[in-house]
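Okay, so here's the structure we're looking at.
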Amino acid sequence: MVRRKRRKTTRMRGSHTHGWGDKKKRRNYGHSGGKGFAGRYTGAKKPSFWPFGRKHNIGFNPRNPSESKAINIRDLNLMIENGKIQKKGNSYEANLSALGYTKLLSKGKPKYTVNITINSATEKAVQKVNAAGGNVVLNKKQ
């Protein structure tokens, strides 16, 4: 005697999704790639294992990459106002090399007289600091 297969509606009683996974997937046309000819098959089923953010990491890497951390003059003003740089005498003393910065950039205007110690600085930044009465001391590279 041939065993008859039960109907799906009776087999799935008690299962709130009836074999379709998450309830949200079966509601409208969003999960199926659209309605009709929408998207021209491009968005139908894309691989879920595509490496996101790794598209351009192809090629050679520099052997000794130079990691420079720059700081602008306007950020220096904020550091003084927040109390991260202390005043010594008439001017502020900022050892930016000890704070992890390697280069001084010229964006902003110096509000205070600052004596700065750093590895490198742009010419315009040095001119601005000197015009405000400060001084920039460049560390010699070892």
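The values are calculated or read from the model by the stated rules, or taken from the named source; none is laboratory data. Here the structure is a predicted model, which is why all the values come from computation and not from measurement. Positions of Cβ are backbone-derived with ideal geometry, glycine not excepted, and every protein chain shown enters the neighbour counts.
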For this session: State whether the residues of the range 24-37 include one that is at pLDDT below 70, under 24 Å from the mean Cα position of the chain (by Cα) and part of a loop (DSSP other than H, G, I, E, B).
Result: no
Exercise. In the set ASN90, ASN115, ASN82, which member is farther than 21 Å from SER66 by Cβ, exposed (fewer than 13 other Cβ atoms within 10 Å of the Cβ) and more than 25 Å from the chain's Cα centre (by Cα)?
Worked result: ASN90
Exercise. Which of the residues belonging to the range 90-142 are more than 13 Å from ASN77 (Cα to Cα) and aromatic (Phe, Trp, Tyr)?
Worked result: TYR101
